[in-house]
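To start, the structure under review is shown below, and the notes come after it.
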Amino acid sequence: MKTEAIFRNNEKWIAEKLRLDPDYFRKLPEGQKPEVLYIGCSDSRVTAEELMGAGPGEIFVHRNIANMVPNTDISAMSVIHYAVSLLEVKHVVVCGHTHCGGVKAAMEQSDLGILNPWLRNIRDVYRLHQEELDSISDQEQRYKRLVELNVREQCINVMKTPEVQKACFERNLQVHGWVFDMESGKLTDLHIDFSKILSTIMQLYKVVD
C-alpha cells in the first residue's frame, strides 16, 4: 500500500465516522476504559480489533514478534503494569496464531542476527516441552503444537508479574490463552488451567502478599 493511499483512506474513514456519529471525535479524547489487555503477534495479517470485532476503547493492545512476554522486555512489562494497575482491565489475553513466522524461525537452526536473542525465548519453550514436541513426527503438527505451548508459557510469564498476581487475588483478574487460525478465521480458547498454574507459580514466583 502506498502512503498516498493511506492518507486518502484516512479521509474516507473520518468522513464515515462523522456520518455515523457527528460527535465521534469529540468523545474520543474523553478517555478509555478497556476490559481486555490483548498481547498478540506483530504479524500484519492478524489485527486484534478486527478479529474480535472490537471498537475504539474496548481493547488495550500490545504486539511483538510471536506474542512474547519475556520479563526482560520493558515494553511488555510496562504495558502489563499500565493495563492491569491503572486501567484495571478484567482480562489479559495472550493470542498466538497459525503460520507464525517467529515460531517457525525458532524451530530452524539459522543465524537471524538481532532476532537471535528474541527467538531464543521461543526455543526455550521448545526445550521445556522437547519430549512432547519431538514425539510429533509431522512437522506441521509439531509447529502448531509449539504455537500453543508458546501461548501457554507466555501466559505463565504474565502471571509471574506482581501486578497480575495482585489483581488475580484482589479482583479476580482472568488470564486467557488463545490461538487464531488463519485458515478458518476462528479463535480457539486453549482452556488452560490457570488456577493450578497460579498455585504453582506462587510457590516460586510470589512477589506480593
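Here are a few things to note about the model shown:
- Where ASN150 falls short, out of the listed (1) within 17 Å of the chain's Cα centre (by Cα); (2) surrounded by fewer than 15 Cβ atoms within 10 Å (Cβ to Cβ); (3) closer than 25 Å to PHE194 by Cβ: (2)
- Scan of the range 73-101 for residues that are closer than 30 Å to GLU170 by Cα and polar (S, T, N, Q), ordered by number: SER75, SER78, SER85
- Options ARG171, ARG123: the member that is under 23 Å from ASP73 (Cα atoms) and surrounded by fewer than 20 Cβ atoms within 10 Å (Cβ to Cβ): ARG123
- Exactly one residue among ASN121, ASN157, ASN116, ASN150 is in a helix (DSSP H, G or I) and in contact with a strand residue (DSSP E or B) (Cβ under 7 Å, 6 or more places away or on another chain), and that residue is ASN150.
- Any hit, the range 62-71, residues being within 26 Å of MET1 (Cα to Cα) and among the hydrophobic types (A, V, I, L, M, F, W, C): yes
- Screening the range 178-209 for residues that are assigned to a loop (DSSP other than H, G, I, E, B) and in contact with a Lys or Arg (Cβ under 6 Å, 6 or more places away or on another chain) and picking the one that is nearest to HIS91 (Cα to Cα) gives ILE192.
- For LYS104, the requirement of being under 30 Å from GLU170 (Cβ atoms), at pLDDT below 95 and either outside the structural domain of ARG45 (by TED's automatic domain parsing) or charged (D, E, K, R) (or both) is not met.
- Once the range 9-32 is narrowed to residues that are surrounded by 11 or more Cβ atoms within 10 Å (Cβ to Cβ) and either basic (Lys, Arg) or touching a residue at least 40 places away in the same chain (Cβ under 8 Å) (or both), the residue that is farthest from VAL103 (Cα to Cα) is LYS27.
- Complete set of residues in the range 1-43 that are basic (Lys, Arg) and part of a helix (DSSP H, G or I): ARG8, LYS12, LYS17, ARG19, ARG26, LYS27
- When restricted to residues that are surrounded by fewer than 16 Cβ atoms within 10 Å (Cβ to Cβ) and part of a helix (DSSP H, G or I), the range 132-144 contains 5.
- Residue among VAL94, VAL46 that is touching a His at 6+ places or on another chain (Cβ under 7 Å), under 18 Å from VAL151 (Cα atoms) and not in a helix (DSSP H, G or I): VAL46
The values are calculated or read from the model by the stated rules, or taken from the named source; none is laboratory data. Owing to the predicted nature of the structure, the values given are computational and were not obtained by experimental measurement. Note that each Cβ is placed from the backbone with ideal geometry, even for glycine, and that neighbours are counted across all protein chains shown.
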